[in-house]
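The values are calculated or read from the model by the stated rules, or taken from the named source; none is laboratory data. The structure displayed is predicted, hence computed values, not measured ones. With ideal geometry, Cβ positions are generated from the backbone for all residues, glycine too; neighbour counts draw on all protein chains shown.
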């Protein structure tokens, strides 16, 4: 924020200093040609706005200028100061510096002092504050044009986007429904498949082994016993 404030103060000081010089050295002089037929220094008092519009409306112009300066100041204070907004902040700073310079003239002198006469194209006489306002306006226009060009169109996004499933194109409100449907599907598939028990030891059948002697006694002897005939006495 500090660099923009210093730039604004510098614009105001240069504008007021050049206007003081114009009032001292150019007042009463018809014109001073720097480049004959192209650039002259001509003293002029403008009681209106740009291009001598609204001449004589000094009070109304003071109110309008104060409102514009307050709005620009709020915008400069609110905007982020990182790289992406640097040109816009610079544009607002230049416009504010020029607006404050002309506001000071209207407030204390009742008219704006102009002295730069560019005669090559018959342009109206202007001052340093007007140069700051025009430069700031050009920067602002270029910033918005560049931002508009760099913003991707919806048609370009749709063309570059990969084909999406029906579930991906559904609105955000149906995401919960989709998640519950998937959850039920997963549960049904798990039921159909093999059940894997976790943290539950497998049940093993334990058989009590009997000793061989007991097993031998428990076995039934199904063999036919043969008894030999007894000897006669």
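For first residues located in the range 57-77 and in contact (Cβ under 8 Å) with a residue 60 or more places away in the chain and on the phi < 0 side of the Ramachandran plot, partners that are surrounded by 11 or more Cβ atoms within 10 Å (Cβ to Cβ) and part of a helix (DSSP H, G or I) and lie 6+ apart or on another chain with Cβ distances below 8 Å form the pairs 76/4; 76/89; 76/92; 76/93; 76/96. Of all the residues in the range 17-43, those that are farther than 18 Å from residue 109 by Cα and not in a strand (DSSP E or B) number 6.
In a residue-by-residue description of the range 20-28, the property of being surrounded by 13 or more Cβ atoms within 10 Å (Cβ to Cβ) and under 23 Å from residue 120 (Cα atoms) applies to at least one position.
The numbered conditions (1) farther than 23 Å from residue 122 by Cα; (2) more than 37 Å from the chain's Cα centre (by Cα); (3) modelled with pLDDT of 85 or more are all true for residue 14 except (2). Can we say residue 102 is under 23 Å from residue 10 (Cα atoms), at pLDDT 90 or above, part of a helix (DSSP H, G or I) and out of contact with any strand residue (DSSP E or B) (no Cβ under 6 Å at 6 or more places or on another chain)? No; evaluated as a whole, the condition is false for this residue. Would you be able to say whether some residue in the range 45-63 is under 26 Å from residue 26 (Cα atoms), in a strand (DSSP E or B), out of contact with any helix residue (DSSP H, G or I) (no Cβ under 8 Å at 6 or more places or on another chain) and modelled with pLDDT under 90? Yes, the range 45-63 contains a residue that is under 26 Å from residue 26 (Cα atoms), in a strand (DSSP E or B), out of contact with any helix residue (DSSP H, G or I) (no Cβ under 8 Å at 6 or more places or on another chain) and modelled with pLDDT under 90.
Test residue 104 against the criterion of being within 25 Å of residue 141 (Cα to Cα) and surrounded by 13 or more Cβ atoms within 10 Å (Cβ to Cβ), and give yes or no. Spelling it out, it is not the case that residue 104 is within 25 Å of residue 141 (Cα to Cα) and surrounded by 13 or more Cβ atoms within 10 Å (Cβ to Cβ). Taking the criterion of being over 42 Å from the mean Cα position of the chain (by Cα), free of Cβ contacts under 8 Å to residues at least 60 places away in the same chain and surrounded by fewer than 17 Cβ atoms within 10 Å (Cβ to Cβ), would at least one residue in the range 41-49 satisfy it? No, there is no match, as no residue in the range 41-49 is over 42 Å from the mean Cα position of the chain (by Cα), free of Cβ contacts under 8 Å to residues at least 60 places away in the same chain and surrounded by fewer than 17 Cβ atoms within 10 Å (Cβ to Cβ).
Anything in the range 110-124 that is surrounded by fewer than 20 Cβ atoms within 10 Å (Cβ to Cβ) and closer than 23 Å to residue 32 by Cα? List them, or say none.
The answer is 111, 118, 119, 120, 121, 122, 123, 124.
Checked against (1) modelled with pLDDT of 90 or more; (2) in contact with a helix residue (DSSP H, G or I) (Cβ under 8 Å, 6 or more places away or on another chain); (3) in a helix (DSSP H, G or I), residue 115 passes all but a single condition, namely (3). Taking residues in the range 79-91 that are under 17 Å from residue 138 (Cα atoms), and partners anywhere that are assigned to a loop (DSSP other than H, G, I, E, B), the pairs with Cβ atoms closer than 9 Å and at least 6 places apart or on different chains are 85/79; 88/79; 89/1; 89/79; 89/80; 89/81.
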